[in-house]
Amino acid sequence: MSEKKERAALPAETAEMLMAEAEKARARAYAPYSGFSVGAALLFEDGSVVSGCNVENASYSLSICAERNAMTTAVAMGLTRPTAAAVAGPDGVFCPPCGSCRQFLAEFNGAMPVVIKDARGFRIIALDELLPSGFSLKDGETE
C-alpha cells in the first residue's frame, strides 16, 4: 500500500504571481508553426522564479517546451529543487504539461504543485497526480 505524500499548500497570491510570470514568458514564445504559445514559471525555495517559453523549430522534434526550457535554464543557474510551477497556454485553454515535461520535471520534484489556468480560473494539481508512477532511478522505484 502506498503512502499518501504530504503536500505543501500553495498560497493563492503565490499561484497568481507564478501564473503572471508564466504568462509573461508565453508572450515571448516562438511558435510560428503551431501558433500555440506556452509559458512556464518555476518557483524555488530561495524565492527566485525562472521562466521559459516554447521554442519551435521547422524540424518539430527539435522544438522545446516551455517547462523544459525553464528547468534547463534553472539548472544552468544552479537551481535544481523547484517548489512549484505554473504553465500558461493560450487564454482560456487548459494546458497541463505534456508527458515529456511531466517526466522531466519529476526528476527535480515529483510532488510539486502545478498551477494551470482554464476558462474558470486556476487549478492546482500535484505533479505526481499528473504523472502517476513516473519513472525514477532513485531507490530503484517509480515515483
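Some notes on this structure:
- Evaluation of Val115 against (1) modelled with pLDDT of 95 or more; (2) in contact with a Gly (Cβ under 8 Å, 6 or more places away or on another chain) (one fails), failing number: (2)
- Residue within segment 102-110 that is within 9 Å of the chain's Cα centre (by Cα), without any contact (Cβ under 8 Å) to a residue 40 or more places away in the chain and in a helix (DSSP H, G or I) present: yes
- For segment 23-35, the set of residues classified as surrounded by 14 or more Cβ atoms within 10 Å (Cβ to Cβ), of a type in the set (Gly, Ala, Ser) and part of a loop (DSSP other than H, G, I, E, B) consists of Ala29, Ala31, listed by residue number.
- Any chance Ala58 is farther than 15 Å from Leu105 by Cβ and touching a Cys at 6+ places or on another chain (Cβ under 9 Å): no
- Failed condition for Pro97, given (1) surrounded by fewer than 21 Cβ atoms within 10 Å (Cβ to Cβ); (2) assigned to a loop (DSSP other than H, G, I, E, B): (1)
- Of all the listed residues (Ala74, Ala85, Ala20), the sole one being crowded, with 22+ Cβ neighbours inside 10 Å and either within 15 Å of the chain's Cα centre (by Cα) or aromatic (Phe, Trp, Tyr) (or both) is Ala85.
- Filtered by the rule that a residue be without any contact (Cβ under 8 Å) to a residue 40 or more places away in the chain, over 18 Å from Pro113 (Cα atoms) and either surrounded by 15 or more Cβ atoms within 10 Å (Cβ to Cβ) or of a type in the set (Phe, Trp, Tyr) (or both), segment 36-68 gives Cys53, Asn54, Val55, Glu56, Tyr60, Ser63, Ile64, Cys65.
The values are calculated or read from the model by the stated rules, or taken from the named source; none is laboratory data. Because the structure is a prediction, the values reported are computed rather than measured. Positions of Cβ are backbone-derived with ideal geometry, glycine not excepted, and every protein chain shown enters the neighbour counts.
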